[in-house]
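Notes to accompany the following structure.
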Amino acid sequence: MLISRRVYTQNCSPRRQGLAPIALVLHVTDGTADSTFFHFMNPKSQVSAHYLVLRLGEIWQFVSNDMAAWHAGRVYKPTARMVLERDVNRINGLYNPNDWTLGIEIEKVQGQEIAETQYKTLYELVDHLTKSFDIAVDRIHIFGHREVYALKYCPATLDIDRVIRGVLNLRSPGVQIAPVIETLPPQLSLIQQQLLRIQEIVNKLLESKGRLGSLKSEK
């Protein structure tokens, strides 16, 4: 696995209470790599992720693993088990998902599907990170942004179960190992996906007028 570009953003902070990464949150960009780059590097956006997987399979790094990227700081009707288990601490102001997760963005513009090259790169990146931090490769420890913040469409059509199977196959080629799946949210119907997509567009329009929007700081 090769990190082709490291450009560190100021949109990050020390992990509170010395927490180490224990889970991965997967995102899609809803824009090109270049637009994502400028968004992450803009201090006013207060948004970032640790890694970006580009369309052709390159990896860019924006935040060091020992720092908290600002990618999943807002929590609303979570369904990810690890978030649910810690939600009472969040309410008491003692907890933020950014402190114990790594954020991975996948370049995707509207109408595109995730490329095969991106999946292969994602397998290698997730394999590397889960080995480095002793994170289990299952749906408890690897989940999408929507499972933290229910109003998000992200990570769109990214197949997280496929990512898990791909990583497990790297470790044991040809051996079918079922990922651990416990209480997970049901698959979104096409209509639900479209409604979430519309909601995000409306939120972006509101934010452009200085109101609260879906791209509000993930700090």
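The values are calculated or read from the model by the stated rules, or taken from the named source; none is laboratory data. None of the values given here were measured: they were computed from a predicted structure. Please note: Cβ atoms are built from the backbone with ideal geometry, for glycine as well, and neighbour counts cover all protein chains shown. Ligands, DNA and RNA are excluded from the accessible area calculation, which covers all protein heavy atoms including side chains. Shrake-Rupley method; radii C 1.70, N 1.55, O 1.52, S 1.80 Å.
A few points about this structure:
- Cβ separations smaller than 6 Å between residues 6+ apart or across chains give the following pairs from segment 94-116 residues that are free of Cβ contacts under 8 Å to residues at least 40 places away in the same chain to residues that are surrounded by fewer than 20 Cβ atoms within 10 Å (Cβ to Cβ): 95/86; 95/89.
- Taking (1) open to solvent by 30 Å² or more (accessible area, probe 1.4 Å); (2) β-branched (Val, Ile, Thr); (3) at pLDDT 95 or above in turn, residue 164 satisfies each apart from (1).
- Of all the numbered requirements in (1) within 24 Å of residue 19 (Cβ to Cβ); (2) open to solvent by less than 20 Å² (accessible area, probe 1.4 Å); (3) at pLDDT 95 or above; (4) in a loop (DSSP other than H, G, I, E, B), residue 158 misses one, and that requirement is (1).
- Residues of segment 1-13 satisfying the condition of being farther than 18 Å from residue 125 by Cα and either touching an Asp or Glu at 6+ places or on another chain (Cβ under 8 Å) or among the small types (Gly, Ala, Ser) (or both): 13
- Total residues in segment 4-52 satisfying the condition of being in contact with a Ser or Thr (Cβ under 6 Å, 6 or more places away or on another chain), over 30 Å from residue 161 (Cβ atoms) and without any contact (Cβ under 8 Å) to a residue 40 or more places away in the chain: the figure is 1.
- Considering residues of segment 125-137 that are out of contact with any strand residue (DSSP E or B) (no Cβ under 9 Å at 6 or more places or on another chain) and farther than 15 Å from residue 161 by Cα only, the residue surrounded by the most Cβ atoms within 10 Å (Cβ to Cβ): 128
- Filter result for residue 173 (part of a loop (DSSP other than H, G, I, E, B) and modelled with pLDDT of 85 or more): no
- Residue list for segment 54-80, restricted to those being in contact with a helix residue (DSSP H, G or I) (Cβ under 8 Å, 6 or more places away or on another chain) and of a type in the set (A, V, I, L, M, F, W, C): 54, 56, 59, 60, 62, 68, 69, 70, 72, 75, 80
- Inspection of segment 103-117 finds a residue satisfying the criterion of being surrounded by 19 or more Cβ atoms within 10 Å (Cβ to Cβ), modelled with pLDDT of 95 or more and closer than 14 Å to residue 23 by Cα.
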